[in-house]
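Worksheet: one structure, shown below.
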Amino acid sequence: ADFDAKKKRKVAEIYQALNSDPIDVATLRRMAISEGGLLTDEIRCKVWPKLLSVNTDDLPPLPAGKELREDNKDYQQVLLDVRRSLRRFPPGMPDDQREGLQEELIDIILHILKRNPQLHYYQGYHDIVVTFLLVVGDRLATALVEKLSTHHLRDFMDPTMDNTKHILNYLMPIIDQVNPEVHDFMQSAEVGTIFALSWLITWFGHVLSDFRHVVRLYDFFLACHPLMPIYFAAVIVLHRQQEVLECECDMASVHHLLSQIPQDLPYESLISKAGDLFVQFPPSELAKEAAQQQEERTAASTFKDFELVSVQQRPDTVLRQRFRERLRGEERLRGEERTKSVLTKPRTNRFVKLAVMGLTVALGAAALAVVKSALEWAPKFELQIFP
């Protein structure tokens, strides 16, 4: 009963945000991220367009499929991928209904590619499109996915994999910040990050069998910075640290373990952990380690990182304060130098690590505060991404 009451309250709050003038996008973002996400597909149809700044009043009709297919260089590949996408449709859906949806899926993809010749189709793209198709129907799905393809997914749609690899390069630095032991083990095993490729480029749609979990993650990713899926990937690896460390330390074994994603993940707690890690270790701080390619070339880098609302809430400030208290009793150490060196090398000091972990609960709240007041990019969506 308590859960139902909470759900009712949340639904009311979402509709209130939708009906306010102007629409309260910050609250909608917070709702999409917080426990349970957007709850129903009916609500998603209303909120997803707002999260992507898509105007739903005048959606263009879709062109007829025949003209799209005739001389389209991607048609054969899209057709193959869509035919293989059986398991992405709800079990028990009648064949003719599913086949109808698969035709719509092909048309949506070809339509977006035709209108945006700078975008290149990749295998796995259809996994994202089908999620939107099943939730919001073909016309709205086309508008949302087109926006997404020129924003969040832009890097995956380049002619080469360079930017996608660059985003994967963020995975290890995040793991390193939280659990150096797992990081070092994975480095020794030389496992690389390719196990997370299909997670990243399909927003986990390809690897999770329960559709409810997929749309819950889409709520989260649509409300966040384009790099959030890589933080979520890191959180899954960290969640499995025990299994990883007990694995044989060689590439084949670790890759095999990690690429089999467990279906019973504690999604809500992982989502809030990913949000916390984003706040603690924003991409700008990890960029140095991830920068095997120029940082400017990814769409993500053009988003400003979440800025914590006030200086007081910055994790490093909290840490510095804790150190100062500790250092007063240790005068022989020159306070500031020591604090600085410890903060820049979190791996050398267990105390920092524990202090940071102690902060995660508080930051769960901070992450939401951040989303509420600091996601200034929502209204300026158009302007900022590709200046």
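Data table
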quantity: Filtered trypsin sites (Lys or Arg not before Pro), segment 189-263: DSSP coil and at most 13 other beta carbons within 10 Å; calculated: none
quantity: Most to least accessible of M157, M172 (protein chains only, probe 1.4 Å); calculated: M172, M157
quantity: For segment 162-246, convex hull of alpha carbons as volume per residue, Å³; calculated: 97 Å³
quantity: Order of exposure, largest accessible area first, which applies to H151, H120, H239 with probe 1.4 Å; calculated: H239, H120, H151
quantity: Rg(Cα)/(2.2 N^0.38 Å) for segment 161-302, N = residue count; calculated: 0.98
quantity: Solvent-accessible area, 1.4 Å probe, carbon plus sulfur percent, for segment 161-302; calculated: 51 percent
quantity: Difference of contour (0.36 nm per residue) and Cα-Cα distance, N19 to E103; calculated: 26.7 nm
quantity: DSSP-loop trypsin sites (Lys or Arg not before Pro) across segment 80-123, with at most 15 other Cβ within 10 angstrom; calculated: R84
quantity: Rh by Kirkwood over Cα pairs, then Stokes-Einstein D for segment 90-205 at 1.306 mPa s and 10 °C, µm²/s; calculated: 99 µm²/s
quantity: Rounded Å value of the spacing that divides the Cα centres of segment 14-63 and segment 193-247; calculated: 23 Å
quantity: Surface per residue (accessible, 1.4 Å probe) for segment 1-97, Å²; calculated: 61 Å²
quantity: Carbon plus sulfur fraction of accessible area for segment 1-150, probe 1.4 Å, in percent; calculated: 51 percent
quantity: Pairwise label distance in nanometres, S253 with E190, each label 7 Å out on the Cα-Cβ vector; calculated: 1.6 nm
quantity: Accessible surface, per residue, of segment 161-302 when the full set of protein chains is kept, probe 1.4 Å, Å²; calculated: 37 Å²
quantity: Over 22 Å (Cα to Cα) - which of K8/K273; K46/K165; K7/K46; K165/K288; K8/K46; K50/K147 fall in this group; calculated: K8/K273; K46/K165
quantity: Cα-Cα separations in segment 1-145 greater than 21 Å, expressed as whole percent; calculated: 51 percent
quantity: 12 Å beta-carbon shell around Q263, net charge (K/R +1, D/E -1); calculated: -1
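The values are calculated or read from the model by the stated rules, or taken from the named source; none is laboratory data. Being a predicted model, the structure only gives us computed values, none of them experimental. Please note: Cβ atoms are built from the backbone with ideal geometry, for glycine as well, and neighbour counts cover all protein chains shown. Areas reflect the complete protein model, heavy atoms only, side chains present, ligands, DNA and RNA absent. Shrake-Rupley method; radii C 1.70, N 1.55, O 1.52, S 1.80 Å.
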